[in-house]
Each structure stands twice: as C-alpha cells, then as structure tokens.
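Worksheet: the structure to be examined is printed underneath.
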Amino acid sequence: MNDAFAKPTLKHERTSQLLALGVILGWMGNLYVSLTMVDPSVGRILFQVWLQSFFFVGMFITGHDSMHGLTSPSRPWLNDLIGRIAVFLFAGFSYEKLRINHMKHHDHPATEKDPDYFTKEKILPWFMSFMTRYYTWKEFLFMHFHVGIIYLIGGSFEKLFIYFAIPSWIAAFQLFYFGTYLVHKGFRGEDVKHKTRSNNYPTWLSFFT
C-alpha cells in the first residue's frame, strides 16, 4: 500500500492536530502582532500582509481537511470542533454548510450540480459565483464579530483594512485560483471520473500556492 494512503497512526494524528493548532494560533498571533506594531517599515507591512494571507489559506485548508475527517480521525468531535473554529475565523462560515456543499462538489465535479463550478469557466465570473454561493448575509453579519474584536485590539480601521481585509481577499482568490479554477477548468463534458488535475510544481512551490 502506498504510504500516502495508509491508515493514519496515533503519531500521524497528533502531528495533524498540532499542525492545525499551529495554524490557528499562528493566524491569531500574527494578526495581533500586525495590529499592535508601531510605525512599521513598508517592508514589514508587506511581510505581515503576506504572512497573514498565508495563515488565512492554512485556516481554510484546515477546515477542508476536517471535512474529510483527517484532522483527528479517531476523535470526530475534536476533528469537527477544529474545523468549525478554522472556517469561522476564516470568514464566519458555517462548517456544516461548507461540508454539505463540499461533498456535493466531490459527488458531482464540474457539473451543474457542483456548487463550486461555473459552467462558462471564465475566471472572474467563476470567482464571483464561487464567493456569492458561500458568502451570504449570515457570513457578513458573523464577520462583524471579527471586525469588532480586531478593532478593539488595533483601534484603527486602517489597520483592520490592511492586516485583515486585504489578506483575507488575497487568500480567497489564491484558494480559488489554485484549488478550484486551475484544477477543474476544461473538464466540462469529458468522461473523467474526478474531473480534476494536479499541478506539476515542485513540493516547495506547491506548498506556497
């Protein structure tokens, strides 16, 4: 059996849990550092924005892996708790709603029944369709909880925009472009089971995308 598909051991599970915890704490910690910096240089600002967007991506991937039961396979309650926290902090998302739609995506890839798919396959309309299906008025209201807490920490809408809004937008487009658009476009009508492809990037580059 290929090791990549072997049954996870307790050691693997603990590693997965620690990585998930590290991503969540990294997201929180870097955001706090960003909001409390005093007179940072332009280079430091750009680095903090990039790092926060990197953690944003990691938060969604943590939620995604939890939907597949991979974050804590032997403890479903912990697996789902981690997933709920990750996607809620990411954009106020409902873990249950995301999981239902994600399973539909796997059951009906690149078809009209796939909630992640856009039949015309043009990148910007597809991205807008992707976002509006998941980001509704409920998520918008939940995000105000984030905004209120962050404003209390940073005390500045300018910081809120730079260190929270911009990284979240970057992460959303990055996840869509590398995780949905590139891997699923071009399969409409083709008899390919999963209607997806993997990139051929080196491991280090794939990690950053």
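The values are calculated or read from the model by the stated rules, or taken from the named source; none is laboratory data. Only a predicted model underlies this, so the values are computations on that prediction, with no experimental measurement involved. Glycine also receives a Cβ, built like all others from the backbone with ideal geometry; neighbour counts cover every protein chain displayed. Ligands, DNA and RNA are stripped out before the accessible areas are found, and what is left, the full protein with its side chains, is counted by its heavy atoms. Shrake-Rupley method; radii C 1.70, N 1.55, O 1.52, S 1.80 Å.
Here are some notes:
- Among the candidates LEU35, LEU51, residue that is crowded, with 17+ Cβ neighbours inside 10 Å, hydrophobic (A, V, I, L, M, F, W, C), in contact with a Lys or Arg (Cβ under 8 Å, 6 or more places away or on another chain) and not in a loop (DSSP other than H, G, I, E, B): LEU35
- Positions within region 15-32 being within 15 Å of ASP65 (Cα to Cα), open to solvent by less than 60 Å² (accessible area, probe 1.4 Å) and of a type in the set (A, V, I, L, M, F, W, C), in sequence order: ALA20, VAL23, ILE24
- Unmet requirement for GLU96, which otherwise passes all of (1) in contact with a Lys or Arg (Cβ under 9 Å, 6 or more places away or on another chain); (2) of a type outside the set (Lys, Arg); (3) open to solvent by less than 50 Å² (accessible area, probe 1.4 Å); (4) free of Cβ contacts under 8 Å to residues at least 12 places away in the same chain: (3)
- Yes/no for PHE88 being open to solvent by 30 Å² or more (accessible area, probe 1.4 Å) and either within 25 Å of PHE164 (Cβ to Cβ) or part of a helix (DSSP H, G or I) (or both): yes
- Residues of region 70-85 that are closer than 22 Å to TRP27 by Cα and not in a helix (DSSP H, G or I): LEU70, THR71, SER72.
- Filtered by the rule that a residue be modelled with pLDDT under 95 and β-branched (Val, Ile, Thr), region 62-84 gives a lone residue, THR71.
- Yes/no for GLY154 being over 30 Å from VAL33 (Cα atoms) and over 16 Å from the mean Cα position of the chain (by Cα): no
- Which listed residue is aromatic (Phe, Trp, Tyr) and touching a Pro at 6+ places or on another chain (Cβ under 7 Å), from PHE118, PHE93, PHE127, PHE47: PHE118
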